[in-house]
Amino acid sequence: MYGQLCFITDTLLKNNMAKSPAWQRKEGKSPSGGLNAKGRASYNRATGGNLKPPQPEGGSRKKSFCARMEGMKKKLTSSKTAKDPDSRINKALRKWKC
């Protein structure tokens, strides 16, 4: 009896455990860098934020983002990361066409 009760309780716990949000998992990330639509929606729900997709065609958001990320690339990354085309920062800069 006790063994069955433990099995049932364990099964219920496993089925009811919530997954981590999509923006923290692979399904919410874009292979070309950044978050995809599902990841942005998940992040917005979890934090109350308002993330928008990249703005590669121009505008004030692009200008601000590119300036901020170029500074981060110079000061906060190693030379190896700065030159690596597959680093997250370089993927983001490419996606925004900086």
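Just so it is clear, none of the values below were taken in a lab; they were calculated from the coordinates. None of the values given here were measured: they were computed from a predicted structure. Here the Cβ positions follow ideal geometry from the backbone for every residue, glycine too, while neighbour counts run over all protein chains shown.
Can you find a residue in the range 82-93 that is surrounded by fewer than 16 Cβ atoms within 10 Å (Cβ to Cβ) and among the aliphatic types (A, V, I, L, M)?
Taking every residue of the range 82-93 in turn, at least one turns out to be surrounded by fewer than 16 Cβ atoms within 10 Å (Cβ to Cβ) and among the aliphatic types (A, V, I, L, M).
Spot the failing condition for residue 74; the list is (1) exposed (fewer than 11 other Cβ atoms within 10 Å of the Cβ); (2) at positive phi, and only one is missed.
Single failed check for residue 74: (2).
Report, by residue number, each residue of the range 77-89 that is farther than 18 Å from residue 34 by Cβ and of a type in the set (Lys, Arg).
Of everything in the range 77-89, those that are farther than 18 Å from residue 34 by Cβ and of a type in the set (Lys, Arg) turn out to be 80, 83.
Which of the residues spanning the range 77-98 are in contact (Cβ under 8 Å) with a residue 12 or more places away in the chain and of a type in the set (Val, Ile, Thr)?
77, 89, listed by residue number.
For a quick check of your reading of the model, give me the residue pairs whose first member lies in the range 49-76 and is more than 18 Å from residue 33 (Cβ to Cβ), whose second is among the aliphatic types (A, V, I, L, M) and part of a helix (DSSP H, G or I), with beta-carbon atoms closer than 9 Å and at least 6 apart or on different chains.
Within 9 Å, the pairs are 74/82.
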